[in-house]
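Since the structure comes first, as structure tokens, the remarks are kept for the end.
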């Protein structure tokens, strides 16, 4: 089964290291690469809110994003799977 992802999609994944538990992540990779590369670049999302506006972007829960709690995109933890 091929999974078609687009930039901005929120997916659930397990990353390596300290952030290895299943968690939501936002796809940040350009759509130009999604069909030609076997990997995808993501930023994990956390509900642990910290004051770091350059590294953590706020997300408010909505029906569109499927989040249940206020969360932050961990820009400082960008990774490729």
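The values are calculated or read from the model by the stated rules, or taken from the named source; none is laboratory data. Every value quoted in this text rests on a predicted model; they were computed, and no experiment measured them. Positions of Cβ are backbone-derived with ideal geometry, glycine not excepted, and every protein chain shown enters the neighbour counts.
Selection over the stretch 34-69 of residues that are under 13 Å from the mean Cα position of the chain (by Cα), surrounded by 11 or more Cβ atoms within 10 Å (Cβ to Cβ) and either free of Cβ contacts under 8 Å to residues at least 12 places away in the same chain or in a strand (DSSP E or B) (or both) gives a count of 9.
Kindly list the number of the only condition in (1) out of contact with any helix residue (DSSP H, G or I) (no Cβ under 9 Å at 6 or more places or on another chain); (2) over 13 Å from residue 24 (Cβ atoms) that fails for residue 71. The one condition residue 71 does not meet is (2). Count of the stretch 56-81 residues, restricted to those that are under 23 Å from residue 17 (Cα atoms) and out of contact with any strand residue (DSSP E or B) (no Cβ under 7 Å at 6 or more places or on another chain), is 1. All conditions but one from (1) in a loop (DSSP other than H, G, I, E, B); (2) modelled with pLDDT of 90 or more apply to residue 72; the one that does not is (1).
For the condition at pLDDT below 85 and touching a helix residue (DSSP H, G or I) at 6+ places or on another chain (Cβ under 7 Å), residue 19 qualifies.
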